[in-house]
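The values are calculated or read from the model by the stated rules, or taken from the named source; none is laboratory data. Keep in mind that what you see is a predicted model, and the values were worked out from it rather than measured. Neighbour counts run over all protein chains shown; Cβ positions are idealised from the backbone, glycine included.
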Amino acid sequence: MKLIFNKKPIFRSRIIITIIISIIIIITDIYSDYLIELRYSITNRISPIYFFLNKPFFLYKKTLNYFKENNLLQKKNKYLYNKILKQNIKLYSLQKIKYDNINLRNILQLSILKKKKNILAEIIPVYFPRHKDIIFINKGLKDNITPGTVVLNDKGVVGQIITSTNKSSQVSLICNKKIFLPVQIKNSDIKFIISGNGCTKNLQSEYISTDIILNKGDILVTSGLDELYPIGYPVGVITEIFFDKRKNFNIAYVKPFFQIEKIKYLILLINSK
């Protein structure tokens, strides 16, 4: 009974058979191409199955890499965007400083500053102004700024002070309809009055006799007849001349030299009356 249930001889036989088969396969593989062709054939047959079984894992890896790369690109884009934004802000600041320096240098080089007592002022920004023909500046009563003080910039006449507090003042621009300014044509004795016509329009002259010869492009300067504004300071240029048939007078329209949206610094002529 023990010999029947003894598995050792059978196990040994299997080992011997396996070794013999292995030796036969090795010898066949060395001296014959049959097994190589067999391997190729088997590989070709199972490769579609392998590809099919590997496809989900491939798609998973590809999808995972896509999200990783996309996340990385978004981070890089955000970093580059912030960097460009900071560079643009710095560039804008430098350009603004350069423009302010040019503006300030032009003002300080004005010849009138040598003749009149003056003070430099800066515009106080008002983002939602109630009146477009009035601006605020950072000088007031403590700086001896009173109503009637003339306001200029390097381009021309800007206006005059209408009210003052201790630290600030209101400036009425020459485009204000309540402002009247005596002017004359540059290098000429022709004098007349111009007034504000609203800051969205050009200045307008009072009625001018048809005997007075005006031309488009004539430059107007202050005449000094009001003893308020300095004589010969730029005001604007004539852009249009209109003949009023009903009243038989000419009306000239004048574009002022100053541009309020580009102004930061102003000159105030103290005691200019």
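Within segment 219-229, being surrounded by 17 or more Cβ atoms within 10 Å (Cβ to Cβ) and not in a strand (DSSP E or B) holds for Ser223, Tyr229.
So that you can scan it fast, the table gives a plain yes or no per residue for (1) of a type in the set (Val, Ile, Thr); (2) free of Cβ contacts under 8 Å to residues at least 12 places away in the same chain; (3) touching a Ser or Thr at 6+ places or on another chain (Cβ under 8 Å):
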position	(1), (2), (3)
Pro125	no, yes, no
Thr149	yes, no, yes
Asn153	no, no, no
Val157	yes, no, yes
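Within segment 121-169, the set of residues being buried (at least 17 other Cβ atoms within 10 Å of the Cβ), part of a loop (DSSP other than H, G, I, E, B) and under 27 Å from the mean Cα position of the chain (by Cα) comprises Asp133, Asn153, Asp154, Lys155. Mind checking whether some residue in segment 243-253 is farther than 15 Å from Gly196 by Cβ and either buried (at least 17 other Cβ atoms within 10 Å of the Cβ) or not assigned by TED's automatic domain parsing to the domain that holds Leu203 (or both)? Taking every residue of segment 243-253 in turn, at least one turns out to be farther than 15 Å from Gly196 by Cβ and either buried (at least 17 other Cβ atoms within 10 Å of the Cβ) or not assigned by TED's automatic domain parsing to the domain that holds Leu203 (or both). Just to be sure, is Phe249 within 20 Å of Ile185 (Cβ to Cβ) and within 36 Å of the chain's Cα centre (by Cα)? No; evaluated as a whole, the condition is false for this residue. Determine whether Leu220 is in contact with a Gly (Cβ under 7 Å, 6 or more places away or on another chain), under 17 Å from Ile251 (Cβ atoms), outside the structural domain of Ile134 (by TED's automatic domain parsing) and free of Cβ contacts under 8 Å to residues at least 40 places away in the same chain. When the stated conditions are applied, Leu220 passes them. Among the residues of segment 182-218, those identified as closer than 16 Å to Ile241 by Cβ, part of a strand (DSSP E or B) and over 41 Å from the mean Cα position of the chain (by Cα) are Phe192, Ile208. Within the bounds of segment 190-203, is there any residue that is outside the structural domain of Thr163 (by TED's automatic domain parsing), free of Cβ contacts under 8 Å to residues at least 12 places away in the same chain and either acidic (Asp, Glu) or surrounded by fewer than 19 Cβ atoms within 10 Å (Cβ to Cβ) (or both)? No: zero hits.
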